[in-house]
Amino acid sequence: MMPIFSKDCKSLLCKYLTREVYDDLKDKKTSNGFTLKDAINSGVVNIDSGIGVYAGDAESYELFSPLFDPIIKEYHGFGVDDIHKSNLNLDDLDIKNPDPDGKYIISTRIRVGRNLKDFPLGAAITKEQRDEVQREVLEALKALNGSYYPLEGMSEEIRAKLTKDHFLFKAGDRFLEAAGLNRDWPKGRGIFHNDEKTFLVWINEEDQLRIISMQMGGDIKEVFTRLVLALGEIEKSVKFSYSNHLGYITSCPTNLGTALRASVHIKLPKLGSDMERFKKIADKYHLQIRGVDGEHSESKGNVYDISNKRRLGVSEVECVRDMYDGVVALICEEEG
Ligand code: ADP
Ligand code: CIR
């Protein structure tokens with residue numbers, strides 16, 4: 001049955017799931033058995049979703065395009081005839097630390113999401129396939145310096161500390177739960193990281209890989225450089241799911257394209273007391289404001305997570321540049 005959304009629902013799902021779209025898609029199923037009902041369940045169960053949909057495989061984006069296309073258009077400003085282009089050339093990112101004295105920026109993090117070419121995405125994957133993804137990714141990570149810590153068997157104390165310190169994904173996310181992305185938890189999940197925890201890979205959370213570079217302070221270029229070099233190593237042994245139209249294929253349509261989120265944790269007490277002004281600048285520079293514990297969390301002590309909002313139809317270098325330009329503008333406003 002077509003879901004009925006309450007009047008105050010603001011998700012892109014309730015905006016674009018019209019009766020016509022629903023009737024057109026309700027009986028369709030991808031070759032992995034993923035249906036419209038599966039794709040929309042997260043937004044139906046969580047009416048406070050911003051988006052509300054997840055894909056089960058690359059095919060979902062084609063089969064359910066009457067729903068996904070307008071959502072992608074609204075979130076990324078990217079149309080059906082547009083083409084995505086990747087650019088990871090470090091020489092094209094000419095930026096300096098926007099806060100060399102460390103007055104505002106606490107830390108910088110850049111992550112990309114990736115999924116393996118020959119597997120369904122997490123919402124439609126089987127337990128055996130998920131275990132195989134973990135095995136192939138760990139094989140690829142042998143080329144990098146670090147150790148793997150599986151979630152299964154990890155003490156609750158260590159898991160909670162890694163999450164609190166911003167290194168590990170949270171457990172029991174209700175949006176992922178309703179999307180079917182937490183099935184068989186904690187099996188097949190884990191975190192790989194180097195001793196300094198400046199390079200990390202999450203395995204089998206929302207996406208099969210979340211490849212992360214992070215460090216204290218505001219040296220964005222150094223963080224991006226570490227990420228790009230590691231990506232090159234990983235890509236020597238695994239093939240990622242990529243489409244010429246949509247770029248890297250991800251579970252959530254907000255991550256399509258570069259799947260890159262470049263963020264700073266930044267202290268902005270003045271702007272924090274004038275949210276209207278803060279949001280206006282964020283919109284102008286294509287920024288997203290999150291709380292300090294990540295998506296769907298609140299700010300603490302006037303520290304905000306500021307990141308690029310657009311990820312599709314802009315290159316990786318441009319995504320990082322969006323964040324950099326926005327942070328420079330925010331610091332200028334805070335000082336002015
Ligand atoms: P994602 O970035 O993978 O989309 P979240 O928004 O949930 O997901 O963030 C994941 C974790 O990364 C959270 O603990 C968040 O606080 C942490 N994080 C994000 N940006 C930074 C940053 N610039 N410095 C330190 N931690 C960060
Ligand atoms: C939601 O719809 O709110 C969740 N499914 C998360 C969507 C991803 N959020 C985002 O803005 N990047």
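The values are calculated or read from the model by the stated rules, or taken from the named source; none is laboratory data. It should be emphasised that the depicted structure is a prediction, and the values quoted were computed from it without experimental measurement. Ideal geometry is used to build each Cβ from the backbone, glycine not excepted, and the neighbour counts take in all protein chains shown. All accessible areas refer to the heavy atoms of the entire protein, side chains included, with ligands and DNA or RNA removed. Shrake-Rupley method; radii C 1.70, N 1.55, O 1.52, S 1.80 Å.
Diffusion coefficient (Stokes-Einstein, Kirkwood radius over C-alpha pairs, 37 °C, 0.692 mPa s) for the chain: 160 µm²/s, rounded to a whole number. Full extension of the segment from Lys103 to Lys29, taken as 0.36 nm per residue of separation minus the current Cα-Cα distance, would add 21.4 nm. Expressed as a whole percent, the proportion of Cα-Cα pairs in the stretch 12-76 lying more than 18 Å apart is 27%. Think of it this way: in the chain, Cys252, Cys319, Cys332 stand alone, with no other Cys Cβ under 4.7 Å. Quick check: the distance between the Cα centres of the stretch 68-97 and the stretch 170-249, to the nearest angstrom? Value for the Cα centre distance between the two parts: 19 Å. Taking other residues whose beta carbon is less than 10 angstrom from the beta carbon of Asn182, and scoring Lys, Arg as +1 and Asp, Glu as -1, yields -2.
Once the other residues with Cβ under 10 Å from the Cβ of Gly50 are scored (Lys, Arg +1; Asp, Glu -1), what is the net sum? Within the 10 Å Cβ shell, the charges total -1. Placing pseudo-labels 7 Å out from each Cα toward the beta carbon at Asn194 and Phe167 gives an inter-label distance of 1.4 nm. Among residues other than Lys267 with Cβ under 12 Å from its Cβ, the summed charge is 0 (Lys and Arg +1, Asp and Glu -1). For Lys28, go through the lysines and keep the ones whose alpha-carbon is under 27 Å away, minus same-chain ones fewer than eight residues off. By straight Cα distance, Lys28 reaches Lys10, Lys15, Lys37, Lys73, Lys117, Lys127. The dipole here belongs to the stretch 12-76: it is taken about the Cα centre, uses +1 on the Cβ of Lys and Arg and -1 on the Cβ of Asp and Glu, and is about 140 debye. Here the translational diffusion coefficient of the stretch 93-178 follows from Stokes-Einstein with Rh set to the Kirkwood radius across Cα pairs; for 4 °C and 1.567 mPa s it amounts to 78 µm²/s.
Using only helices, what value at 222 nm comes out for the chain when you add -39,500 (n - 2.57) per DSSP H run of length 4 or more and divide by the total residues, to the nearest 500 deg cm²/dmol? Numbers along the way, then the final one.
Values: 12 runs with 119 residues, N = 336.
Helix-only estimate at 222 nm: -10500 deg cm²/dmol.
Evaluated at q = 0.30 Å⁻¹, the base-10 log of the normalised Debye intensity for the stretch 241-289, with identical point scatterers placed on the Cα atoms, takes the values -1.10. Here the chain is treated with +1 on each Lys and Arg Cβ and -1 on each Asp and Glu Cβ, and its dipole about the Cα centre works out to around 400 debye.
Charges were assigned to the Cβ only: +1 to each Lys and Arg, -1 to each Asp and Glu. The resulting dipole of the stretch 177-336 about its Cα centre is roughly 240 debye. Span-like helices, the chain: DSSP H, alpha-carbon axial extent 20 Å or more, mean Kyte-Doolittle -1.0 or greater, which ones? TM-like helix candidates: 220-234, 316-335. Val317 contributes an accessible area of around 10 Å² to the protein surface, as traced by a 1.4 Å probe with all chains present. Straight-line cross-link reach from Lys270 at under 15 Å between alpha-carbon atoms covers these aspartates and glutamates, not counting any fewer than eight positions away in the same chain: Glu333, Glu334, Glu335. When the Cα positions of Ser11, His193, Gly33 are compared along the charge dipole of the chain, Ser11 comes out farthest toward the positive end, with charges on each C-beta of Lys, Arg, Asp and Glu. What translational diffusion coefficient, to the nearest whole µm²/s, does the stretch 260-336 have by Stokes-Einstein, given a Kirkwood radius computed over alpha-carbon pairs, a temperature of 25 °C and 0.890 mPa s viscosity? Translational diffusion coefficient: 199 µm²/s. Size descriptor for the stretch 138-180, Kirkwood hydrodynamic radius: 12.4 Å (Cα pairs only, one decimal). Straight-line reach from Lys239: taking Cα to Cα under 12 Å and skipping same-chain neighbours fewer than 8 places apart, the aspartates and glutamates in range are Asp118, Glu136.
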